[in-house]
Amino acid sequence: MRIGEALSLQHRDWNTGRSSTATVSVVDRPHPYGIATKSGSRRVHIGSRLDRVYADYVWWLCDQGADALIDDWDTGYIFCNTRREPLYGPLRTEAVYAHLRSVKRRMPQLPASMTPHWFRHTHATALLLAGTPLHVVSRRLGHRSVQTTINTYGHVTKDAELEALANWRELVAGWEAAPDKR
């Protein structure tokens with residue numbers, strides 16, 4: 001997801017997997033800080049591990065007293081202030097960048113130029129290298145056109161294809177027909 005999509009998520013957008021795969025609904029709606037979703041509304045399928053992390057997070061919020069302060073959980077923002085005012089109000093984009101700067105100070109091995117958007121690029125690259133079809137990655141990223149995905153990530157699959165071609169002898173080694181023993 002883009003940072004605007006993530007920060008716009010409300011608890012009503014999380015559809016926990018009961019007998020099917022959990023999803024998150026990205027909904028284009030007004031945000032108190034003017035954050036936009038960019039690609040409009042869409043649904044993103046998520047794994048059971050992330051679904052469990054979300055459930056644990058909600059319990060943690062309740063343990064912190066959020067259940068006493070949040071009037072309407074459905075419209076409460078998932079990514080919220082837990083240490084500053086407005087308590088349990090929506091996070092600002094600047095807060096995410098500040099948190100990442102703090103993490104990079106504690107972990108100097110992280111690239112200085114790393115941004116929250118890197119996680120989106122890493123996810124897309126991993127999907128493509130795992131062989132996920134380009135049109136599926138495009139839909140997951142919320143691109144309006146598969147051409148956007150090709151323009152942004154085409155080098156990833158091209159490099160993987162060229163690497164595979166460089167090792168073509170290994171790929172075809174077992175293809176030779178065994179000698180006919182008639």
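The values are calculated or read from the model by the stated rules, or taken from the named source; none is laboratory data. Only a predicted model underlies this, so the values are computations on that prediction, with no experimental measurement involved. Because the Cβ atoms are built from the backbone with ideal geometry, glycine has one as well, and the counts that use them run over all protein chains shown. Please note that ligands, DNA and RNA were not included when accessible areas were found on the heavy atoms of the full protein model with its side chains. Shrake-Rupley method; radii C 1.70, N 1.55, O 1.52, S 1.80 Å.
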Matching residues in the range 11-34 - criterion: being in contact (Cβ under 8 Å) with a residue 24 or more places away in the chain and open to solvent by less than 10 Å² (accessible area, probe 1.4 Å): Asp13, Ala22, Val26
The range 111-130, residues that are outside any helix (DSSP H, G or I) and open to solvent by 60 Å² or more (accessible area, probe 1.4 Å): Ala112, Ser113, Ala130
Take the residues of the range 44-67 that are aliphatic (A, V, I, L, M) and open to solvent by 70 Å² or more (accessible area, probe 1.4 Å): which is nearest to Gly142 (Cα to Cα)? Leu50
In the range 155-175, is there at least one residue being of a type in the set (S, T, N, Q), open to solvent by less than 90 Å² (accessible area, probe 1.4 Å), in a loop (DSSP other than H, G, I, E, B) and modelled with pLDDT under 90? yes
For the range 69-110, what are the residues that are open to solvent by 40 Å² or more (accessible area, probe 1.4 Å) and either on the phi > 0 side of the Ramachandran plot or of a type in the set (Asp, Glu) (or both)? Asp71, Asp72, Asp74, Glu85, Glu94
Determine which member of the set Asp74, Asp51 is assigned to a helix (DSSP H, G or I) and either aromatic (Phe, Trp, Tyr) or touching a helix residue (DSSP H, G or I) at 6+ places or on another chain (Cβ under 6 Å) (or both). Asp74
Yes or no: Leu61 among the aliphatic types (A, V, I, L, M) and not in a helix (DSSP H, G or I)? no
Within the range 131-149, tally of residues that are over 16 Å from the mean Cα position of the chain (by Cα), hydroxyl-bearing (Ser, Thr, Tyr) and assigned to a loop (DSSP other than H, G, I, E, B): 1
Does Thr152 qualify as being over 14 Å from the mean Cα position of the chain (by Cα) and of a type outside the set (Lys, Arg)? yes
